[in-house]
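Scroll down for the structure; my scribbles are underneath it.
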Amino acid sequence: MGKFDFGYIRSYDNNLSVNGYVHNYAGSGVWYQARTLPAGGFSSDIGVPGLGGLAEDWVCMGSADLSDFV
């Protein structure tokens, strides 16, 4: 999907039939998957303080591979 740079993820509504994945950059070329946004899922309070708030956070949907973008 792309670089997530518009603030923290506080809630979500995934209307797609595929999962979404939030990735955080740990530095030195290392990424980790911080959260799965389930297909058809939603949350009004995601419960992860600061998720998506870092300058290098990315969200990928379905089979998108983060290495294709960064």
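The values are calculated or read from the model by the stated rules, or taken from the named source; none is laboratory data. Being a predicted model, the structure only gives us computed values, none of them experimental. When we count neighbours, we look across all protein chains shown, and the Cβ atoms used for this are built from the backbone with ideal geometry, even at glycine. Quick note on the areas: whole protein, heavy atoms, side chains included, nothing else; ligands and nucleic acids left out. Shrake-Rupley method; radii C 1.70, N 1.55, O 1.52, S 1.80 Å.
Scanning the range 41-53 for residues that are open to solvent by less than 50 Å² (accessible area, probe 1.4 Å) and assigned to a strand (DSSP E or B) yields one hit, Ser43. The residues of the range 9-19 that are surrounded by 12 or more Cβ atoms within 10 Å (Cβ to Cβ) and either touching a Cys at 6+ places or on another chain (Cβ under 7 Å) or within 11 Å of Gly62 (Cβ to Cβ) (or both), listed by number, are Asn14, Leu16, Val18, Asn19.
Matching residues to (1) among the hydrophobic types (A, V, I, L, M, F, W, C); (2) modelled with pLDDT under 85; (3) exposed (fewer than 14 other Cβ atoms within 10 Å of the Cβ); (4) part of a loop (DSSP other than H, G, I, E, B):
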{"residue": "Gly7", "(1), (2), (3), (4)": "no, yes, yes, yes"}
{"residue": "Tyr21", "(1), (2), (3), (4)": "no, no, no, no"}
{"residue": "Arg35", "(1), (2), (3), (4)": "no, no, no, no"}
{"residue": "Ala39", "(1), (2), (3), (4)": "yes, no, no, yes"}
{"residue": "Glu56", "(1), (2), (3), (4)": "no, yes, no, yes"}
{"residue": "Val59", "(1), (2), (3), (4)": "yes, yes, no, no"}
